[in-house]
Structures are given as structure tokens and as C-alpha cells.
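Take a look at the structure below.
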Amino acid sequence: MGYGADPGAVVDIVAEHAAHGAVAVLGNHDAAIFGDDAYLNDSAAAAIEWTRTVLTPAQRAFLEALPLAVHEERACFVHASAAMPGRWDYVDSPRAAERSSRAAERPYTFSGHVHDQLLYGSDALDRMVPFRPRPGVSIPVAAHRSWLVLAGSVGQPRDGTPAAAYALADLEAMRITFHRVPYDHDRAASKVRAAGLPEVLAYRLERGI
């Protein structure tokens with residue numbers, strides 16, 4: 001939301017999954033649709049302003065109703081940090097991961113916001129240790145430890161690879177697998193340009209930065 005040229009289609013897809021039981025949480029760009037945009041850079045702010053003009057009332061209502069975080073029995077889902085979800089703090093260090101995981105009070109915390117894929121796991125001293133996952137490799141995540149999953153970004157990855165990024169978790173089997181999927185990012189960038197959105201947003205899609 002707020003970077004690409006298909007915001008309405010994205011909202012519709014997420015809303016359909018949510019209607020069938022999927023968890024969806026509010027992100028900072030979702031919140032910006034309703035005015036919380038003072039902290040955005042110029043290109044992101046311009047994209048948000050355009051997005052406001054193309055979303056339908058039903059799409060806006062879906063976004064506005066999203067919670068900042070969802071706590072299930074063993075997992076917390078939150079866009080940024082579970083410590084203060086509405087501040088949109090980045091989980092970009094072991095200490096930030098520890099703060100978020102402790103606030104979540106669950107073995108598993110799933111987040112986004114940093115547009116990168118990383119797994120933090122607690123060690124014997126309960127300190128969070130970062131691990132860079134390999135796509136397609138299943139990782140054991142035993143529930144007696146704490147885990148924070150940065151699942152990556154489908155819409156705008158920022159690790160130098162334009163392929164969409166996501167993760168699948170099987171909490172019954174206690175395993176997590178990170179994935180990358182190539183897509184037609186050149187077409188997506190062309191649509192950004194055709195919509196008159198800032199050039200940097202198209203460039204980032206093409207480069208994965």
C-alpha cells in the first residue's frame with residue numbers, strides 16, 4: 001500500500017483472505033490513508049495522496065477496521081514492533097527484536113515493516129540472535145524458545161533482489177520456511193510510471209531496493 005499502482009486490487013485480495021479466516025493487521029501506509037502521514041518521505045506521501053483517490057469506500061472501510069496487532073494463543077501478528085505497534089518502530093536490531101518479542105508475550109512474533117527477511121531466535125541467555133534464512137529451506141523453531149519472524153515484502157523487497165518475499169509457518173510442526181518468487185516487476189514498475197507516481201518507486205521495484 002502506498003508504493004504500487006494497484007492498491008485497490010491488493011486490498012480486495014487481502015480482504016477476501018480475511019473473510020475466510022486469515023489474519024490481517026494495519027500497516028503504517030494503511031494508517032497513512034487516514035491522515036497519519038507526517039513522517040513519510042516525499043515520494044511515499046505523494047503515493048499515499050494518489051492512493052486516497054483510487055480506493056473505494058468499501059476498501060477504505062476494510063483498512064480502517066484493521067487492528068494494530070492480533071494475539072493468538074502462540075503467535076502475535078503485528079506490522080512493526082509489538083512493543084508499541086502504533087509508533088511504527090523498526091525491528092532492525094537484536095535489542096529491538098527482544099523488545100517486540102517480550103511485548104508480544106508469545107513464542108512466535110510475525111512482523112514486516114523493514115522490507116527484509118530475517119529470523120531472530122532467543123539463545124540460552126534469552127538474547128535475540130539474528131539468522132539470515134535461505135529461500136526454500138525449512139527452519140525448525142521449537143516453541144520453548146522465542147522467535148521473531150521478519151517475513152519480507154511481497155510488494156517492495158529491499159535486499160537487492162526484486163523477487164517477492166514471504167514466509168510460511170507451520171506452528172504445529174514448529175517449522176518456518178522463507179520464500180522468494182520472481183514476478184513481472186518490470187510491468188509493475190511500468191504501471192507505477194503510467195499512474196504518474198514518483199519515479200523512485202518504479203526504480204525500487206526494478207532493483208529490489
Please go through region 181-202 and give me each residue that is over 21 Å from the mean Cα position of the chain (by Cα), assigned to a helix (DSSP H, G or I) and not small (Gly, Ala, Ser), ordered by number. ASP186, ARG187, LYS191, ARG193, GLU199
If you go through ALA65, ALA9, ALA69, ALA18, the only one that is touching a helix residue (DSSP H, G or I) at 6+ places or on another chain (Cβ under 6 Å) and either exposed (fewer than 15 other Cβ atoms within 10 Å of the Cβ) or not basic (Lys, Arg) (or both) is ALA69
In this structure, does THR56 turn out to be closer than 28 Å to VAL10 by Cβ, touching a helix residue (DSSP H, G or I) at 6+ places or on another chain (Cβ under 9 Å), exposed (fewer than 15 other Cβ atoms within 10 Å of the Cβ) and without any contact (Cβ under 8 Å) to a residue 60 or more places away in the chain? yes
Of the residues in region 99-139 that are under 16 Å from the mean Cα position of the chain (by Cα) and β-branched (Val, Ile, Thr), the one that is most open to solvent (accessible area, probe 1.4 Å) is VAL114
Selection from region 30-45 of residues that are in contact with a Leu (Cβ under 7 Å, 6 or more places away or on another chain) and surrounded by fewer than 19 Cβ atoms within 10 Å (Cβ to Cβ): SER43
Checked ARG145, ARG158 against criteria (within 30 Å of ARG187 (Cα to Cα), open to solvent by 60 Å² or more (accessible area, probe 1.4 Å) and not hydroxyl-bearing (Ser, Thr, Tyr)); the one match is ARG158
Could you tell me whether ALA173 is assigned to a loop (DSSP other than H, G, I, E, B), closer than 18 Å to PRO107 by Cα and modelled with pLDDT of 95 or more? yes
Is it fair to say TYR3 is closer than 19 Å to VAL149 by Cα, aromatic (Phe, Trp, Tyr) and out of contact with any Asp or Glu (no Cβ under 6 Å at 6 or more places or on another chain)? no
All but one of (1) surrounded by 14 or more Cβ atoms within 10 Å (Cβ to Cβ); (2) in contact with an Asp or Glu (Cβ under 9 Å, 6 or more places away or on another chain) hold for ASP186; state the number of the condition that does not hold. (1)
Tell me, please, whether a residue that is closer than 16 Å to LEU168 by Cα, open to solvent by less than 30 Å² (accessible area, probe 1.4 Å) and in contact (Cβ under 8 Å) with a residue 24 or more places away in the chain can be found in region 90-98. no
Subset of region 173-183, residues hydrophobic (A, V, I, L, M, F, W, C) and surrounded by fewer than 17 Cβ atoms within 10 Å (Cβ to Cβ), comes to ALA173, VAL181
Being of a type outside the set (A, V, I, L, M, F, W, C), modelled with pLDDT under 95, open to solvent by less than 40 Å² (accessible area, probe 1.4 Å) and closer than 18 Å to GLY112 by Cα narrows GLY2, GLY27 down to just GLY2
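The values are calculated or read from the model by the stated rules, or taken from the named source; none is laboratory data. Everything quoted here is computed from the prediction, not taken from an experiment. Glycine gets a Cβ as well: all are built from the backbone with ideal geometry, and neighbour counts include every protein chain shown. Remember, those area values only see protein heavy atoms, side chains included, never the ligands or the DNA or RNA. Shrake-Rupley method; radii C 1.70, N 1.55, O 1.52, S 1.80 Å.
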